[in-house]
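Written below as structure tokens is the structure these notes are about.
The values are calculated or read from the model by the stated rules, or taken from the named source; none is laboratory data. Please read these numbers as outputs of a predicted model, since none were measured by experiment. Positions of Cβ are backbone-derived with ideal geometry, glycine not excepted, and every protein chain shown enters the neighbour counts.
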Amino acid sequence: MALETARKNLEALGYQVQTFSTGAEAAAYLDAAIDGKTVGVGGSVTVQELKLYEKLSAHNTVFWHWANGAAEREKAMRAEVYLTSVNGLAETGEIINIDGAGNRVASTLYGHRKVYFVIGSNKLAPTYDEALWRARNIAAPKNAQRLQCKTPCAVKGDRCYDCKSPERICRGLTVLWRPMMGVEMEVVLVDEALGY
Ligand code: SF4
């Protein structure tokens, strides 16, 4: 099973890993695990679907630009804990993200005591190359559509055209081969489709 393979490989690379059957179970786990902290949240449909901002805000100080505007990005960068999803996860353990503004990918590299990646089963692909393909040709076009960008992928929604549009949202790509030094990193795997 893909999720189990990913779990074993991520643990071998040094990540903490939790696996859940449903998003509701994962959300309840995170709601219990993150308490009394400052929490930054990246732009994430997965986080939105799990209503983690609403849950965590009840007992943490949460900074999320989707809820409270662009200025929250700066505060989120300085939070103790950071919460995001990914655009692709290889079962071999590589974590792939594409970003436009860069706040989300920057926070997965440096600046927080702990980073949580919440990942639905739809984000998994067997290999690094296939996970990269997924990030570029599935996740990014869907995000461009969500943002109503004037890009060929948003119009057709079928693949990445490696566009030269001024509204191109794909500006930077990060691949985590392992947890970054000095940062605790936990992957929360969910056996349900979450986000895109
Ligand atoms: S590079 Fe351009 S065409 Fe490709 S996914 Fe990003 S915005 Fe869409």
Q: Can you tell me which residue among 196, 128, 116 is buried (at least 17 other Cβ atoms within 10 Å of the Cβ) and at pLDDT below 95?
A: 196
Q) residue 105 passes all but one of (1) buried (at least 18 other Cβ atoms within 10 Å of the Cβ); (2) more than 16 Å from the ligand (Cβ to nearest atom); which number fails? A) (2)
Q. Which of (1) part of a helix (DSSP H, G or I); (2) within 16 Å of the ligand (Cβ to nearest atom); (3) hydrophobic (A, V, I, L, M, F, W, C); (4) under 16 Å from residue 188 (Cα atoms) is the odd one out, the single condition residue 96 does not satisfy?
A. (1)
Q. Can you tell me which residues in region 130-155 are over 20 Å from the mean Cα position of the chain (by Cα), of a type outside the set (A, V, I, L, M, F, W, C) and within 9 Å of the ligand (Cβ to nearest atom)?
A. 151, 152
Q | Residue tally, condition of a type in the set (A, V, I, L, M, F, W, C), buried (at least 19 other Cβ atoms within 10 Å of the Cβ) and part of a helix (DSSP H, G or I), over region 4-28 | A | 4
Q. Inside region 51-84, can you point out the residues that are closer than 14 Å to residue 108 by Cα and out of contact with any helix residue (DSSP H, G or I) (no Cβ under 8 Å at 6 or more places or on another chain)?
A. 78, 79, 80, 81
Q: Name the residue, out of 142, 164, 150, that is basic (Lys, Arg) and not in a loop (DSSP other than H, G, I, E, B).
A: 142
Q.
Among the listed residues 99, 35, identify the single one that is free of Cβ contacts under 8 Å to residues at least 40 places away in the same chain, over 21 Å from residue 13 (Cα atoms) and not small (Gly, Ala, Ser).
A. 35
Q | Failed condition for residue 133, given (1) assigned to a helix (DSSP H, G or I); (2) modelled with pLDDT under 95; (3) among the aromatic types (Phe, Trp, Tyr) | A | (2)
Q.
So residue 180 ticks every box in (1) surrounded by 14 or more Cβ atoms within 10 Å (Cβ to Cβ); (2) within 12 Å of the ligand (Cβ to nearest atom) but one. Which box is left unticked?
A. (2)
